[in-house]
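Note sheet for the following structure.
The values are calculated or read from the model by the stated rules, or taken from the named source; none is laboratory data. It should be emphasised that the depicted structure is a prediction, and the values quoted were computed from it without experimental measurement. All Cβ positions, glycine included, derive from the backbone under ideal geometry; neighbour counts span all protein chains shown.
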Amino acid sequence: MTLYDSWRPPLPSGKRTEEIVLRFDRAREPRLLLLPPLFDEHNKTRHQCVEIMRKLDEAGVDSFLPDLPGCNESLAPLESQSLTLWREAAHEALALFRCSHVLAIRGGALLAPPRTPAFFYTPAQGKPLLRAMLRARTIAAREAGREEKAETLLAQGREQGLELAGWPLGAAMIRELEAAEPAIGPETRLIEQVELGGSPLWLRAEPDDDPRQAEALARIVAAGMLAA
Amino acid sequence: MTGQTAISTDATAPSRSQIDTVLRAILRDVLGLEEAQVEEFSGDTGLFGHLPELDSMAVAGLLTEMEDRLGIVIEDEDVDGEMLETYGGLLAFAEAKSVES
């Protein structure tokens, strides 16, 4: 089994880019697309996402974690990406890897293709994600002796884009994040932190992993998929 | 959102010890500590500027969790080095905010 492969998601220009996909593919029937958290939360939980995929593999579920343009190992510039484009990429990935289900974590839920059987683990709205990043920027500015106002920054970001906590976000991304809500429907199974035990890893100051949480999450997802 | 220790929103002003408990639980989650370790935090325990892992993004997450779990709203102007520097400073801030809301 090859763990890494590549795929070609769309770019804003209409062209395509080559990106990495991490996969546990043994050509089994239950196949899952993993949509990880966004930005800083992605970095904090990357190890855990792979841990979850390993546990799913042991439970008999194939899973796919494609890099979206501008994310993880991607060479595409983040500032030219948007939620719309990432949604399109996620939709294509679902079909390309023939996935029946989605597991979305935090901001990943904002990208989940609608009307697709999905597990949303602590889904996040766009606005608080953006707010936390704006706050990180104003705190860092204050530390450096500069005074910045979140409202002013946001107004600027909507028009010209903005670098927030080291993430260069384009104007389209900022405007879309302000309004983005996870599409929770009858086909969505919500998974709360209490079901996994432990504390949320996306909240950690340093990236960390927790095999017990990964095991618990994989068990819920595998049981849901195998019963379907 | 996380289902972790939180103060119920229909309560009247939460007690000092309730806020203390929630705040320690948030710090445990953010810093990845054991319960016994955060129990040892005193008013003088240094936070922002003392713990290298507590960078601006981690502090932003911490403040967002405080808003969620304590049912308070933290304005930009509220955030300064003093309230973030020690556990005592953060607790005093959270208490003052809880009375306001």
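Every listed requirement among (1) surrounded by 17 or more Cβ atoms within 10 Å (Cβ to Cβ); (2) within 10 Å of chain B (Cβ to nearest Cβ); (3) in contact with a helix residue (DSSP H, G or I) (Cβ under 6 Å, 6 or more places away or on another chain) is met by A:Ala218 save one, (2).
Restricting attention to region A:124-147, the residues that are surrounded by 14 or more Cβ atoms within 10 Å (Cβ to Cβ), part of a loop (DSSP other than H, G, I, E, B) and more than 9 Å from chain B (Cβ to nearest Cβ) total 1. The set of residues from region A:30-75 being in contact (Cβ under 8 Å) with a residue 40 or more places away in the chain, among the acidic types (Asp, Glu) and in contact with a helix residue (DSSP H, G or I) (Cβ under 9 Å, 6 or more places away or on another chain) comprises A:Asp40, A:Glu41, A:Glu51, A:Glu58.
Does A:Gly185 count as surrounded by fewer than 16 Cβ atoms within 10 Å (Cβ to Cβ) and free of Cβ contacts under 8 Å to residues at least 40 places away in the same chain? Here the answer is no, as A:Gly185 does not meet what is asked. For region B:69-97, a residue qualifies if it is out of contact with any Leu (no Cβ under 8 Å at 6 or more places or on another chain), under 24 Å from A:Thr152 (Cα atoms) and modelled with pLDDT of 90 or more, and the qualifying residues are B:Ile72, B:Val73.
For A:Glu41, the conditions (1) within 14 Å of chain B (Cβ to nearest Cβ); (2) under 15 Å from A:Met225 (Cα atoms) all hold with the exception of (2).
Here the condition is being buried (at least 21 other Cβ atoms within 10 Å of the Cβ), closer than 27 Å to A:Arg8 by Cα and aliphatic (A, V, I, L, M); of A:Ala95, A:Ala109, it holds for A:Ala109 alone.
Taken over region A:23-61, the criterion of being closer than 19 Å to A:Ala112 by Cα and touching a Phe, Trp or Tyr at 6+ places or on another chain (Cβ under 6 Å) is satisfied by A:Arg23, A:Leu33, A:Pro37, A:Phe39, A:Glu41, A:Thr45, A:Met53.
Within region A:28-36, identify whether any single residue is assigned to a strand (DSSP E or B) and over 19 Å from A:Glu92 (Cβ atoms), and answer yes or no. So far as region A:28-36 goes, no, none of its residues is assigned to a strand (DSSP E or B) and over 19 Å from A:Glu92 (Cβ atoms). Within region B:35-61, the residues that satisfy the criterion of being outside any loop (DSSP other than H, G, I, E, B), at pLDDT 90 or above and more than 8 Å from chain A (Cβ to nearest Cβ) are B:Ala36, B:Gln37, B:Val38, B:Glu39, B:Gly46.
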